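I have placed the structure first, in the form of C-alpha cells, so that the comments after it can refer back to it.
The values are calculated or read from the model by the stated rules, or taken from the named source; none is laboratory data. In this text the structure is predicted, and so the values were computed from the model without any measurement. No Cβ is skipped: glycine too gets one built from the backbone with ideal geometry, and neighbour counts run over all protein chains shown.
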Amino acid sequence: MLDWDEFRFVKTVAERGGLTAAAAQLGINHSTAFRRLGSIEMRLEMRLFERLRTGYVPTPAGLAMIEAAARIETDVTGFARTVAGQGQTPAGELRVTAPVNIATGLLMPILATFCARYPQIRLDLILAEEALNLSRRDADVAIRASRNPSETLVGRRLTGLAWAIYGRADRDYGDLAAEDWVIPGSAVAAGLFTAFFEARVPSEQVKLRINTVTGLTAAVAAGLGIGPLPCFEADADPTLRRLSGPHSEIGADLWMLTHPDLRHAARVRVFMEHFAEAILPLRPRFEGR
C-alpha cells in the first residue's frame, strides 16, 4: 500500500524533470530520492519513469500515479479550505499576497493598524509580481491589480489604478516619442502595456524593458528614460513629474480577492473589511486625481 507522501514524491519528480531537482525541492539528498523511487517501483513491480539523458519521462503507469496525486492534492487542499473557512474567531495565520510596489508604498501602515486591532491574527505577507493560486491556498487573500479577476474567486473592486507617463522632475522634455524610454516587459500585467507602447514609441527609443513595477520606478528616477508609472506611487515622489494625463488603455483596478470557501472565515472577513475601509480615503490618489 502506497501512502500520500509517495504519490506526492512521484508527482514532484515528474514536475521537476528528474531526481536532483525533486530532491532539492523536497529537502532530501539525491541518494535518498534514488532509493525512494526504486523502492516504489519495486513494490509496484513496474517502472514509473524512463531515464533519458534529457530527464525523467513518466511511463503510462507513472502518468496514472501522477494523475492520482493531482486528484489527492485537490481533495486535500479543498478540505483545508473548508476547515479554514469555518473558523469564527478572528485568530490564526492569514496569508496575504500583494504586488511589491503596492506593499512598499501603501500596505505597511494598513497592516500596522490591522495588527493592533486584531492581535490574535498572525500575518504572512507574500510579495509577488505574479498572481498566486488561491485555489491551492498559496495565499488566503490577494490584493491584485487586474482588469478581469478570475471568476473562481470572490471579493470586491477597491478603486481604479491610474497610470501616466513620468520623467525626472529636474529635466525638461520635448516630444515624448523622441525621448529615451523605459517600459514594462510583456510579463507585467499580462502584457497589458505591449500594444500601447508599440503604437507610440519607436523601438529604437526603448532603452530598457523591465519585469517589475518597482524596478520601472527606479529606472525612471535614475534618468534612464521616461516611462509609465502608477499615479499613486509616482505623484508622491518629488523627484518625478507627470508628463501626461492618465491613460485609460493602461489603467487597471485594484481588487481584493479570496477563495469562496474562505470568505466567511473570521480572519479573512475582518481583514477584507479593514483593508477596504483604509483604501476608501485614498481613492483620489489611486485614480490620479
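How about region 209-242: which of its residues are over 22 Å from residue 282 (Cβ atoms) and loosely packed, with under 15 Cβ neighbours inside 10 Å? Hits for region 209-242 are 211, 218, 222, 223. Filtered by the rule that a residue be more than 18 Å from residue 158 (Cβ to Cβ) and in contact with a helix residue (DSSP H, G or I) (Cβ under 6 Å, 6 or more places away or on another chain), region 244-258 gives 249, 250. Highlighted here are the strands (runs of 3 or more DSSP E) found entirely within region 17-109 that include at least 1 residues which are touching a Leu at 6+ places or on another chain (Cβ under 7 Å), modelled with pLDDT of 85 or more and among the β-branched types (Val, Ile, Thr): 92-98.
Among the residues of this structure, residue 229 counts as one that is assigned to a strand (DSSP E or B), over 18 Å from the mean Cα position of the chain (by Cα) and not hydroxyl-bearing (Ser, Thr, Tyr). Residues considered: 219, 195, 236, 177. Of these, the only one that is in a loop (DSSP other than H, G, I, E, B) and either in contact with a helix residue (DSSP H, G or I) (Cβ under 9 Å, 6 or more places away or on another chain) or under 21 Å from residue 99 (Cβ atoms) (or both) is 236. The single residue among 180, 175 that is modelled with pLDDT under 90 and either more than 20 Å from residue 244 (Cβ to Cβ) or not assigned by TED's automatic domain parsing to the domain that holds residue 73 (or both) turns out to be 175.
Test residue 45 against the criterion of being out of contact with any Gly (no Cβ under 8 Å at 6 or more places or on another chain), farther than 30 Å from residue 260 by Cβ and either in the same structural domain as residue 138 (by TED's automatic domain parsing) or touching a residue at least 24 places away in the same chain (Cβ under 8 Å) (or both), and give yes or no. So residue 45 does not fit the description; no. Scanning region 257-289 for residues that are hydrophobic (A, V, I, L, M, F, W, C), within 19 Å of residue 92 (Cα to Cα) and assigned to a helix (DSSP H, G or I) yields 262, 266, 268, 270, 271, 272, 275. Just one of 200, 171, 241 is part of a strand (DSSP E or B) and over 20 Å from residue 98 (Cα atoms); which is it? That would be 241, the only listed residue that is part of a strand (DSSP E or B) and over 20 Å from residue 98 (Cα atoms). Residues of region 35-49 that are over 34 Å from the mean Cα position of the chain (by Cα) and farther than 12 Å from residue 19 by Cα: 39, 40, 41, 42, 43, 44, 45, 46, 47.
Let's see how each residue does on (1) of a type outside the set (Phe, Trp, Tyr); (2) in contact with a Phe, Trp or Tyr (Cβ under 8 Å, 6 or more places away or on another chain); (3) under 25 Å from residue 124 (Cβ atoms):
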site	(1), (2), (3)
205	yes, yes, no
209	yes, no, no
244	yes, no, no
264	yes, no, yes
280	yes, no, no
289	yes, no, no
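How about region 160-186: which of its residues are in contact (Cβ under 8 Å) with a residue 40 or more places away in the chain, farther than 30 Å from residue 281 by Cα and surrounded by fewer than 17 Cβ atoms within 10 Å (Cβ to Cβ)? 170, 171, 173, 176, 180, listed by residue number. Of the residues contained in region 213-231, none is found to be more than 30 Å from residue 118 (Cβ to Cβ), small (Gly, Ala, Ser) and at pLDDT below 85.
For residue 278, the test of being assigned by TED's automatic domain parsing to the domain that holds residue 185, surrounded by fewer than 20 Cβ atoms within 10 Å (Cβ to Cβ), aliphatic (A, V, I, L, M) and over 15 Å from residue 161 (Cβ atoms) is failed.
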